[in-house]
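Note sheet for the following structure.
The values are calculated or read from the model by the stated rules, or taken from the named source; none is laboratory data. Given the structure is predicted, the values throughout are model-derived calculations rather than measurements. Neighbour counts run over all protein chains shown; Cβ positions are idealised from the backbone, glycine included. Protein only, heavy atoms only, side chains kept; ligands, DNA and RNA dropped before computing areas. Shrake-Rupley method; radii C 1.70, N 1.55, O 1.52, S 1.80 Å.
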Amino acid sequence: QVQLVESGGGWVQPGGSLRLSCAASGIICSIYAMGWYRQAPGKPRELVARITSGGSTNSADSVKGRFTISKDNGKKTVYLQMNGLNPEDTAVYYCNSWPTTPAYWGQGTQVTVSS
């Protein structure tokens, strides 16, 4: 059974940083491409960044140069380092495979950026 547990969210002022973690069980990050997604109030869920099994990364234009996705296959954990946060980044952040698998959605972690 696959379980993805996100953590590391919280409140931060504009310009601040957070690092999100996604602990994976039942899924091998070294084999699957993984992604971070987010959903802001009243908006559809969107892909933020993804990382392939080989470690290649890609990110949405809105976060390029500010967010970095990485993974530790040994720890079965996927990370999202977020720098230069702004209020538009406020959302619930989720990890999932890429492409997504409906059964893998977890509870997510809330990120709130405000002054």
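Laid out as a table, the results:
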{"quantity": "So Ser115, is it surrounded by 13 or more Cβ atoms within 10 Å (Cβ to Cβ), among the polar types (S, T, N, Q) and in a loop (DSSP other than H, G, I, E, B)", "calculated": "no"}
{"quantity": "Some residue of region 73-84 being surrounded by fewer than 13 Cβ atoms within 10 Å (Cβ to Cβ) and part of a loop (DSSP other than H, G, I, E, B)", "calculated": "yes"}
{"quantity": "Any pair with Cβ under 9 angstrom, 6 or more apart, that starts in region 5-19 at a residue that is within 15 Å of Arg38 (Cβ to Cβ) and ends at one that is loosely packed, with under 12 Cβ neighbours inside 10 Å", "calculated": "Glu6/Gln107; Val12/Ser114"}
{"quantity": "Qualifying residue in region 29-37 (condition: buried (at least 19 other Cβ atoms within 10 Å of the Cβ), assigned to a loop (DSSP other than H, G, I, E, B) and not aromatic (Phe, Trp, Tyr))", "calculated": "yes"}
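Table: residues versus (1) within 13 Å of Glu6 (Cα to Cα); (2) over 13 Å from the mean Cα position of the chain (by Cα); (3) free of Cβ contacts under 8 Å to residues at least 60 places away in the same chain.
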| position | (1), (2), (3) |
| --- | --- |
| Pro41 | no, yes, yes |
| Thr52 | no, yes, yes |
| Thr57 | no, no, yes |
| Ala60 | no, no, yes |
| Lys64 | no, yes, yes |
| Ser70 | no, no, yes |
| Thr77 | yes, no, yes |
| Met82 | no, no, no |
| Thr112 | no, yes, no |
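So that you can scan it fast, the table gives a plain yes or no per residue for (1) touching a strand residue (DSSP E or B) at 6+ places or on another chain (Cβ under 9 Å); (2) in a loop (DSSP other than H, G, I, E, B); (3) open to solvent by 80 Å² or more (accessible area, probe 1.4 Å):
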residue	(1), (2), (3)
Gly42	no, yes, yes
Leu47	yes, no, no
Asn58	yes, no, no
Ser62	yes, yes, no
Ile69	yes, no, no
Glu88	yes, no, yes
Asn96	yes, no, no
Gly106	yes, yes, no
Gln110	yes, no, yes
